[in-house]
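Engineer: Okay, here's the structure, questions in a sec.
The values are calculated or read from the model by the stated rules, or taken from the named source; none is laboratory data. If you're wondering where the values come from, they're calculated on a predicted model, not measured in any experiment. When we count neighbours, we look across all protein chains shown, and the Cβ atoms used for this are built from the backbone with ideal geometry, even at glycine.
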Ligand SMILES: [Zn+2]
């Protein structure tokens with residue numbers, strides 16, 4: 001009898017739990033992401049192109065109830081400085097774009113979130129690539145490579161501790177699958193210019209592709225929003241993550257947005273002073289004026305009042 005009651009009660013409990021689970025699943029939004037990130041590099045003042053990217057990230061986070069991490073990439077040790085770091089905080093607060101995780105100021109950034117704090121993680125990944133014979137040293141000068149001369153360092157088999165050498169990652173020819181925001185899997189090959197890309201710089205610090213993969217996995221981002229110019233990097237990062245044994249990188253969803261260009265069609269750069277948010281802010285432009293400027297540059301007419309409106313227009317572009 002006691003055994004029978006136990007089975008009966010546990011069956012009821014099981015039914016109740018199953019019903020609760022179904023109710024919970026039914027009330028969750030269809031596309032639900034946990035975390036996305038805003039990832040500026042403080043090597044110049046932020047410009048209108050960054051604002052566009054932040055606005056789209058914030059809007060997609062809002063629509064999906066995702067948290068926003070502020071991830072500041074400071075591995076470019078020669079160019080990063082306090083003025084540019086402060087500009088990240090000033091710009092985001094001026095634009096009224098909030099973030100839920102990450103540093104609130106320079107002190108907190110340096111103590112907890114600077115990439116210098118994660119050097120052991122990056123070096124662990126570099127060691128793994130070394131152990132698997134996936135890297136080689138390259139001592140080609142930038143001048144030589146820019147002139148179009150080929151790098152034959154793979155065949156030279158230079159020691160990895162060669163002074164002033166970068167480490168290049170040996171890429172294959174396999175096709176890469178990327179999970180896109182509309183639910184499709186996009187299949188593509190690594191572009192020629194990304195073959196054997198650099199994973200460790202001449203100064204011994206890890207390069208962008210490696211730190212970006214490591215950080216997005218470390219912080220658990222499951223939605224990455226970035227400009228179309230970073231599509232080759234997205235492909236490179238998938239290849240790298242696989243070689244690091246982190247196939248879970250393939251579960252991240254990517255949203256690539258159109259780029260803001262000058263009237264002559266060039267990509268905006270940080271050296272273009274008059275498109276820096278700091279310049280515009282100090283010359284009296286309100287956030288609404290800045291959002292409207294971006295919309296106009298994107299061929300969208302009419303006034304824009306906030307980042308939600310700007311992003312909404314861009315997201316719905318054909
Ligand atoms: Zn080389």
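Engineer: Is it the case that some residue within the stretch 173-184 is over 20 Å from residue 246 (Cβ atoms), within 12 Å of the ligand (Cβ to nearest atom) and surrounded by 15 or more Cβ atoms within 10 Å (Cβ to Cβ)?
Structural biologist: no
Engineer: While we're here: When the stretch 129-155 is examined, which residues are found to be near the ligand (Cβ under 9 Å from one of its atoms), without any contact (Cβ under 8 Å) to a residue 12 or more places away in the chain and either surrounded by 13 or more Cβ atoms within 10 Å (Cβ to Cβ) or within 19 Å of residue 206 (Cβ to Cβ) (or both)?
Structural biologist: Listed by number, the list is empty, since nothing qualifies.
Engineer: Can I ask one more? What are the residues in the stretch 185-207 that are in contact with a helix residue (DSSP H, G or I) (Cβ under 6 Å, 6 or more places away or on another chain), within 21 Å of residue 132 (Cα to Cα), more than 16 Å from the ligand (Cβ to nearest atom) and not in a strand (DSSP E or B), if any?
Structural biologist: 190
Engineer: Then there is this: Looking only at the stretch 117-154, count every residue that is farther than 25 Å from residue 244 by Cβ and part of a helix (DSSP H, G or I) and tell me the total.
Structural biologist: Within the stretch 117-154, residues that are farther than 25 Å from residue 244 by Cβ and part of a helix (DSSP H, G or I) number 5.
Engineer: Does residue 104 fit the bill of being within 30 Å of residue 51 (Cα to Cα), in a loop (DSSP other than H, G, I, E, B), away from the ligand (no atom under 11 Å from the Cβ) and within 25 Å of the chain's Cα centre (by Cα)?
Structural biologist: Taking the combined requirement at face value, the residue satisfies it.
Engineer: Next question. Just name the residue that is farthest from the ligand (Cβ to nearest atom) out of those in the stretch 156-172 that are out of contact with any helix residue (DSSP H, G or I) (no Cβ under 9 Å at 6 or more places or on another chain) and assigned to a loop (DSSP other than H, G, I, E, B).
Structural biologist: It comes out as 161.
Engineer: Looking at (1) out of contact with any strand residue (DSSP E or B) (no Cβ under 6 Å at 6 or more places or on another chain); (2) at pLDDT below 95; (3) surrounded by 12 or more Cβ atoms within 10 Å (Cβ to Cβ); (4) more than 24 Å from residue 218 (Cβ to Cβ), which is the only condition residue 59 fails?
Structural biologist: (2)
Engineer: Same structure again: With 235, 210 as the choices, which residue is over 26 Å from residue 64 (Cα atoms), in contact with a strand residue (DSSP E or B) (Cβ under 8 Å, 6 or more places away or on another chain) and part of a helix (DSSP H, G or I)? Even if it seems obvious, please write down each step before you answer.
Structural biologist: Values: 235 fails: over 26 Å from residue 64 (Cα atoms).
It is 210.
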